[in-house]
Every structure is written in structure tokens, then in C-alpha cells.
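Here is the structure we will look at.
The values are calculated or read from the model by the stated rules, or taken from the named source; none is laboratory data. Only a predicted model underlies this, so the values are computations on that prediction, with no experimental measurement involved. Here Cβ is always computed from backbone atoms with ideal geometry, including for glycine, and neighbour counts include all displayed protein chains. Please note that ligands, DNA and RNA were not included when accessible areas were found on the heavy atoms of the full protein model with its side chains. Shrake-Rupley method; radii C 1.70, N 1.55, O 1.52, S 1.80 Å.
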Amino acid sequence: MSEISTPSYAGKQWWKEAVVYQVYPRSFADANGDGIGDLKGITAKLPYLQKLGINVIWLSPVFDSPNVDNGYDISDYFAIMGDFGTMEDFDELLETAHNHGIKILMDLVANHTSDQHPWFVQSKSSRENPYRDYYIWKDPKGFEEDGTPIPPNNWASEFGGSAWEWDENTQQFYLHIFFKEQPDLNWENPRVREDLYSMVRWWLDKGVDGFRLDAINIISKPEGYPDDPDTDFEKHTSSIPFVIAHGTMVHPWMKELNAQSFGRYDVMTVGETSQTSPEDAKLWAGYDAGELQMIFHFDHMGVDTDPEGSLGGKWSYAPYKLSELKRILNAWQTELEGNAWGSLYWNNHDQPRVVSRFGNDSPQWRVKSAKQLATTLHFMQGTPYIYQGEELGMTNVRFESIDEYRDGDSIRFYQDMHVERGNLSHEDAMRAIYIKGRDNARTPMHWDASAHAGFSFGKDVQPWISVNPNFAEINADAALADENSIFYHYQQLVSLRRGELKDLMVYGSFKPLDVEDEQVYAYERVGGAEGTDASQSLLVISNFSEQELERHYEALEQAREAGASVELVHSNYADDQGATLRPYEAKVYRISR
Ligand code: NOJ
């Protein structure tokens with residue numbers, strides 16, 4: 001382990017003040033007309049992102065990959081996927097982004113590799129191969145009467161079926177928490193860790209600005225590999241089994257990774273950690289923990305799931321209650337404050353589109369609702385992440401046939417539940433996919449109203465996944481031409497956070513209001529912390545309903561009585577009607593005492 005001292009992440013930091021935009025390269029912009037987004041496409045769109053005002057891009061994986069899981073199955077950490085271009089294209093993107101004042105975070109997928117990675121090819125070749133223990137190989141628990149080997153335990157893969165795959169040649173099982181083409185690395189092996197750390201340093205030395213760490217809380221498997229009490233193979237999990245998360249070595253290894261790589265650089269790190277509580281978050285992203293700067297938690301992504309549902313995991317839908325969403329987000333806000341930093345997101349490449357999910361995507365309310373959701377989130381404490389197309393109010397998609405879907409998770413769900421077991425009708429299986437499928441987020445970005453939404457210019461080429469048919473109305477060209485568009489609402493949020501309201505929006509204390517209210521999300525951000533002006537606060541009021549409501553807030557009334565100045569600084573309506581809240585109205589007052 002290195003001797004360097006643990007960095008402290010307390011106090012003011014550039015990454016706390018940043019606004020991140022996530023690019024899913026396959027679906028962002030296709031510069032060479034082959035129907036697949038690429039690096040040159042991203043470079044060409046940097047002025048658009050600069051206009052939005054963001055200053056960091058999180059790039060979903062661009063490394064060489066056979067693409068079973070769209071790049072989350074890496075076969076070469078040091079090469080760019082052919083579909084996306086070359087290393088020269090990457091260097092050009094990095095340099096041009098830096099010239100635009102935009103930093104780039106890479107996606108570090110280190111829990112597993114592709115089964116085509118040379119390490120795994122070697123590992124699989126024989127039990128004696130020096131790379132054998134780069135992965136997790138186990139003997140069968142026994143054999144069925146017909147000779148079928150029984151997996152070492154009952155762990156389920158996130159994408160359905162057993163997490164163990166039998167290798168006939170060497171007569172052992174290997175572990176894959178995700179697809180079977182994504183074998184889990186064996187972090188217990190110090191050579192694996194060394195190789196990973198040196199790869200991370202290689203990218204840092206190239207000048208990248210940090211990492212999002214994929215599935216990082218499952219790198220340490222629980223001792224003894226115990227059975228998972230929650231496994232039910234009749235269901236289709238699509239979430240990480242709880243028993244696998246947060247193994248005993250995860251924090252020592254994170255500290256080691258930090259000390260051996262990014263802790264030595266002024267970069268940004270965010271860990272993808274499902275099954276994580278605010279208490280755990282202090283271990284991961286505590287200011288003095290010497291691990292990561294922030295994590296993504298998933299608690300709010302579960303509010304519209306029925307844990308008792310018959311489909312399993314995310315697939316069993318239940319309408320969400322606003323009080324529950326608030327309870328979760330408020331707890332993360334208040335419990336982290338002063339201890340650890342958080343991230344703010346509604347969307348990513350694994351989640352349905354937020355305006356369709358927690359908002360209202362009908363033609364009448366989509367614009368208001370998308371803006372209202374944005375305001376609700378961006379005034380909280382934490383680093384905000386905007387997922388491509390969110391700033392246009394892009395919606396979920398409904399393809400008629402399963403053949404139009406590309407995500408193996410949805411395809412497998414349909415296969416298992418409808419085709420093989422016949423537990424679900426075609427309609428019910430499709431309904432679940434419409435609501436929760438990952439392809440909702442992965443249809444091509446809508447740039448304009450031309451063919452393929454301007455995503456791809458290939459004449460006779462179809463995009464790798466069909467475009468959402470509503471692109472003629474919802475697209476960047478139209479948004480840029482309309483001063484009342486969702487785009488400009490996001491632009492204002494970013495500009496307030498990075499400019500005029502920076503202190504309060506980034507560092508102000510969070511105070512929840514009216515936690516039981518099922519229609520309105522209200523909270524305050526109060527100055528005082530981190531040297532912010534204690535005489536200032538923000539009051540955020542956000543109507544999640546289609547109804548006109550009447551709400552009075554003490555903070556406002558008291559401020560007015562005390563003669564403080566109350567100024568409307570942000571809203572999704574053109575005027576203010578005081579206590580009357582119109583459908584999906586979101587507004588923010590600055591109170592100066
Ligand atoms: C989380 C990623 O966000 C998801 O897209 C991927 O399928 C899994 N990790 C496996 O890498």
C-alpha cells in the first residue's frame with residue numbers, strides 16, 4: 001500500500017460544484033453514418049453541451065467490447081470499441097472537451113470483464129493457467145442423478161437464471177453476477193488488483209478527469225459464499241442480490257484503489273452502489289474515508305416497485321407515493337450533510353425516462369412536468385447528473401414487438417416469463433417492459449425532425465435501435481428555437497447552480513417541509529454552512545400533481561412579516577400566483593433577511 005496521506009473531501013470542492021451530463025455513446029450522435037453513435041459524434045456536439053452549461057461528461061463505456069451488455073463487458077481496457085472509433089478519436093474528444101471547459105469521466109467496469117478478455121480466455125483454458133484465479137471458479141456442490149452439475153450456491157444473475165456457468169472443459173463453475181459473458185473478477189487476487197490499478201493510472205495519466213465505478217460495491221463476495229435467502233428463480237430479479245453487496249474487503253480495497261490511483265490526482269469519482277443506505281454511504285463517500293467522493297444510491301429508483309410482486313425485482317410495478325419518494329430523498333439529504341457528498345439523478349441508461357415515470361408525459365403536461373421534476377432535483381444538495389435527452393423531456397418508448405428491443409435484460413425477461421414459462425401474456429410482458437425496460441433510455445438522442453431524428457445520417461442504414469416516434473415534436477432543434485423549452489429551463493438551473501446561487505444550491509443546509517403532503521414537495525436550503533451567507537435561504541415548492549392547489553408556507557409568511565426580501569428566482573410559469581399552485585408548478589424563492 002502507498003504511503004501517501006488520505007485525501008480529505010470536506011469543504012468546497014470543484015466536483016461538488018459541477019453539473020454532470022451522462023452520454024450513452026451508442027445512442028448519442030452517429031458521425032459516420034453506420035447507425036451507431038460514436039466518439040466523433042460526441043465531439044461534434046460539445047458546443048450543444050457547452051450551451052447547456054454542464055462542465056463534466058460521464059461517458060458510458062467506450063472500451064473494446066463484444067457488446068453483449070453495450071460496452072459493460074470490456075475485452076480490452078486500453079482500446080476503443082471499433083463501433084465508436086479509435087484512440088485518436090478519443091484523444092480528440094478529450095482535448096476538444098477540455099477546450100470547451102468540459103471534463104470527462106470514464107466508466108470503470110472492474111467487477112467483471114467480457115468473457116472475450118484475454119485474462120478470461122486464459123483463465124478458462126485450464127485449471128493450471130496462471131490466469132485461472134483472475135476469476136472466481138468453484139467446484140459443483142454435487143451432481144443431479146442425471147449427472148448435471150449443481151452450482152456452488154443459489155445466487156441469481158441480475159439478468160435472470162443462475163449466476164454460475166458450468167465450464168465443461170475444466171469441470172468447474174465460474175461466477176457472473178450479470179450476463180454469463182461477464183465473468184466476475186477475483187479481487188482477492190492481488191495481481192488482479194494491481195493490474196486494475198495500473199490501468200486506472202494509465203487513463204489518469206492520459207488526462208481523463210475521473211471515473212464512475214460500475215457495480216463497485218459487489219467486488220468483495222461474502223465469505224463462504226452463503227446461499228441467498230431471497231432467491232426465487234420463478235421471478236426475474238434484475239437487481240443485485242443483497243447478500244452479495246458490501247463484502248468485508250470492499251472498503252480496504254477501495255482505500256487501496258484510492259491510494260494507488262485517483263487519490264493522487266485532482267479528479268472526480270462516483271461509485272455505482274445499489275443496496276446502499278445513507279449509513280453505508282458514509283463509509284464509501286465519507287469526507288475522510290479515503291475512498292470515493294460520492295456514490296449513486298438506488299433507493300428512490302425502487303419507489304414504483306412492488307416488492308411482493310410476482311414478476312420479481314424492478315419488473316413488478318406499483319404506483320409510487322410522493323410521501324415515500326420524499327422520505328427517501330429527504331433522508332439522503334439530511335443524513336449525508338456534513339459527512340459525505342451525494343449525487344442527484346432521476347435518470348441514467350438503466351432507468352426509464354423520468355417524465356414518463358414520476359411525471360406526466362401527456363402532450364398537455366409533458367413540458368411543465370419535465371421542468372418541475374428538474375427543479376425539484378437540482379435545488380437539492382449533491383452533484384446533479386443529467387442523462388442525455390432528459391433536457392429535452394424525452395419519454396419512454398413503446399415498441400410493439402420484442403424484436404425491436406435490444407437490451408438483453410428485457411429480452412431475457414420476455415423469453416423467460418412469456419415464451420418459456422408462459423407465466424405472462426405477450427401484452428403483460430410488454431407492459432412491464434414499457435414501464436421499466438432499459439431501452440426506454442437508450443433510443444437515439446433526438447437532434448432534429450429529419451430522418452432518424454438527426455441521430456444518424458446513414459442513407460440506407462437503420463439506427464441500431466429504433467428512434468422514439470415522437471422525435472418530430474421532441475428534439476434539440478425545436479428546443480433551441482423555443483425560449484420556453486425544457487432545454488432552457490435546465491440551462492437556467494445549471495447556470496444558477498454554477499453562478500448566482502452557487503453557494504446556497506451547492507452548500508446550503510437542506511430542510512424538508514411538509515413531509516406528509518402527497519402532492520407537493522417543498523424544502524428549504526439555508527445558508528450558514530461552508531461560509532455561505534446565513535441571512536439567505538431558498539424555498540423550493542414543487543407541485544407533483546395535475547391539480548391546482550392552495551399551499552401556505554410558514555417560512556415565507558414569517559419572512560414577509562419580518563420585512564425580509566422575498567424574490568422569485570426560478571419558476572416554470574411566467575408569473576407567480578402566491579399560495580395558488582398551478583398543475584406541475586415549481587418555483588423557488590430567495591429569502592434575504
Ligand atoms: C451497471 C450498469 O449501469 C449496467 O448498464 C450494466 O448492465 C451493469 N452494471 C453491469 O456492468
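Using the alpha-carbon centroid of each, what span in Å lies between the range 62-87 and the range 132-186? Measuring centre to centre over Cα atoms gives 25 Å. Near the amide H of Ile80, within less than 5 Å, lie the amide hydrogens of Asp64, Met87, all on another chain or at least 5 residues away, with H placed in the peptide plane. With the convex hull constructed from alpha-carbon coordinates only, the chain shows a mean projected area of 26.7 nm² over all directions.
Students often check this: by mean Cβ neighbours within 10 Å, which of 565-572, 40-47 ranks highest, and how do the rest follow?
Values: 565-572: 15.6, 40-47: 19.0.
Top to bottom by mean Cβ count within 10 Å: 40-47, 565-572.
Around the Cα centre of the chain, unit charges on the Cβ atoms of Lys, Arg, Asp and Glu (plus for the first two, minus for the last two) sum to a dipole of about 1380 debye. Using the Cβ-Cβ distance between Glu194 and Glu420 with R0 set to 51 Å, the FRET efficiency works out to roughly 0.75. The alpha carbon centroids of the range 277-355 and the range 547-583 are separated by 29 Å. Between 0 and 90 degrees, the angle of helix 190-206 with respect to the longest Cα principal axis of the chain falls at about 50 degrees.
For the range 1-145, treating each Cα as an identical point scatterer without solvent, what Debye log10 I(q)/I(0) comes out at q = 0.18, 0.19, 0.21 1/Å? Each listed q maps to, in turn, -1.05, -1.11, -1.22. Taking Cα atoms only, the orientation of helix 250-260 departs from the longest principal axis of the chain by about 80 degrees.
Residues in the range 567-577 carry Karplus couplings, in order, of 10, 6, 9, 6, 6, 9, 10, 6, 9, 10, 10 Hz; the curve used is 6.51 cos²θ - 1.76 cosθ + 1.60 with θ = phi - 60°, and Gly or Pro positions show x.
Among DSSP beta bridges whose residues both lie in the chain, state the antiparallel percentage, nearest 5. In the chain, DSSP labels about 60 percent of beta bridges as antiparallel. Amide H contacts of His112 (H built 1.01 Å from N, in plane; Pro and chain starts excluded): Leu185 sit under 5 Å, all sequence-distant by 5 or more or on other chains. Reported to the nearest whole Å, the Cα centre-to-centre distance from the range 496-511 to the range 418-445 is 40. Expressed in Å, the radius of gyration and Dmax of the Cα atoms of the range 161-310 are 16.8, 49.
Per residue, the average separation of C-alpha pairs within less than 8 Å and at least 6 apart gives the range 1-144 a relative contact order of 19 percent.
Here the relative contact order of the chain, from alpha carbon pairs under 8 Å that lie six or more residues apart, stands at 13 percent.
If packing is taken as the average count of other Cβ atoms within 10 Å, what order do 416-425, 202-211 fall into, highest mean first?
Values: 416-425: 15.2, 202-211: 18.4.
Descending packing order for the listed peptides: 202-211, 416-425.
In summary, the lysines within cross-link reach of Lys235, defined as a Cα separation below 28 angstrom excluding same-chain residues under 8 places away, comprise Lys138, Lys141, Lys180, Lys221, Lys314, Lys321, Lys436.
Keeping all protein chains in place, calculate the accessible area per residue for the range 38-109 (probe 1.4 angstrom), answer in Å².
Working: 2150 Å² over 72 residues.
Per residue, the range 38-109 has an accessible area of 30 Å².
With the charge dipole of the range 129-272 set up from +1 on Lys and Arg Cβ and -1 on Asp and Glu Cβ about the Cα centre, the Cα lying farthest toward the positive end among the listed residues Ile136, Thr248, Gly160 is that of Thr248.
Rounded to the nearest 500, the 222 nm mean residue ellipticity of the chain from helices alone is -7000 deg cm²/dmol, with -39,500 (n - 2.57) taken per DSSP H run of at least 4 residues. Surface composition of the chain: carbon and sulfur make up 47 percent of the accessible area, probe 1.4 Å. Computed log10 I(q)/I(0) for the range 377-526 at 0.11 Å⁻¹: -0.64, from the Debye equation with unit scatterers placed on every C-alpha and solvent omitted.
What per residue convex hull volume, in Å³, do the alpha-carbon atoms of the range 455-593 yield?
Given the Cα convex hull of the range 455-593, per-residue volume reads 163 Å³.
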